[in-house]
Amino acid sequence: MVNKRQIGLTGGIATGKTTVSNYLKNHHHLPVFDADIYARKAVQIGSEVLNQIVKRYGSSLLLPDRSLNRQKLGEIVFTQPPEKQWLEEQIHPQVRDRFLREIAALPEQSTAVLVIPLLFEAQMTDLVTEIWVVSCPGDRQIQRLMERDGLTREQAQARINSQMPLAEKCVQADVILDNSSTIEHLIQQIDVALMSDRDNRN
């Protein structure tokens, strides 16, 4: 029987998912597959999805090199839920397909990390064997997002509001990683969560 451990790493925007995935990759040497990377590849120059985006919104969404102006697209989808849904319907099937190929290539008795910010919204929970949610207080989440992406408070809040509430994700989690304190505290939680499954299997 194939016994693969597929950790679905999710959480709210700017809660610290990248910090967690980088630690699992660099310290524990686990393979990490990232939905955001696959989503960016889905809209690269010449892709069918990018062609559909231009057809829907016009060539003004392209940068001089003909690549997608992600900031401009974000201004549309994060303020208009129907447009966000349309975009996700174009991208999610390609992201899912890429995950399926990566999972199929994993050896038996392996552990991998699937970083999927929209794990619940995109209905990809069937791809993972357990769900880890990275959580932090709302005010800290807003501040991190403003600093990271150069957004106003209103823009940051709009992006947070466009996702499933973090509290709802936590209810469905197998593991909740509290990123409200120090990096050392966060790492300690990651190590415990990772080892607990190994202990249960032994």
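Each value in this text was obtained by applying a stated rule to the coordinates, not by laboratory testing. The structure presented is a predicted model; accordingly, all values stated were derived computationally and were not measured. Every residue, glycine among them, receives a Cβ derived from its backbone with ideal geometry; neighbour counts consider all protein chains shown.
Of the three principal axes defined by the Cα atoms of the chain, the extents in descending order read 56, 40, 27 Å.
About the centre of its Cα atoms, the chain shows a dipole size close to 520 debye [charges on the beta carbon of Lys, Arg (+1) and Asp, Glu (-1) only; nearest 20 debye]. Selection among Ser67, Ala39, Pro137 by position relative to the dipole of the chain gives Ser67 as farthest towards the positive end (Cβ unit charges, Cα centre).
Cross-link partners for Lys169 among the aspartates and glutamates, with Cα-Cα distance under 17 Å and sequence neighbours closer than 8 places in the same chain left out: Glu121, Asp126, Glu130, Asp178.
The charge dipole of segment 113-202, taken about its Cα centre with unit charges on the Cβ atoms of Lys, Arg (+1), Asp and Glu (-1) only, comes to about 220 debye. Per residue, the average separation of C-alpha pairs within less than 8 Å and at least 6 apart gives the chain a relative contact order of 36 percent.
A helix-only calculation puts the chain at -16000 deg cm²/dmol for mean residue ellipticity at 222 nm, using -39500 (n - 2.57) for each DSSP H run of at least four residues, averaged over all residues. When its C-alpha radius of gyration is set against 2.2 N^0.38 Å (N residues), segment 1-113 gives a value of 1.25.
Give the distance, in whole Å, between the Cα centre of segment 93-139 and the Cα centre of segment 27-46. Between the Cα centre of segment 93-139 and that of segment 27-46, the gap is 11 Å. Legend: ranking of residues Thr125, Thr15 from fewest to most surrounding C-beta atoms inside 10 Å; resulting order Thr125, Thr15.
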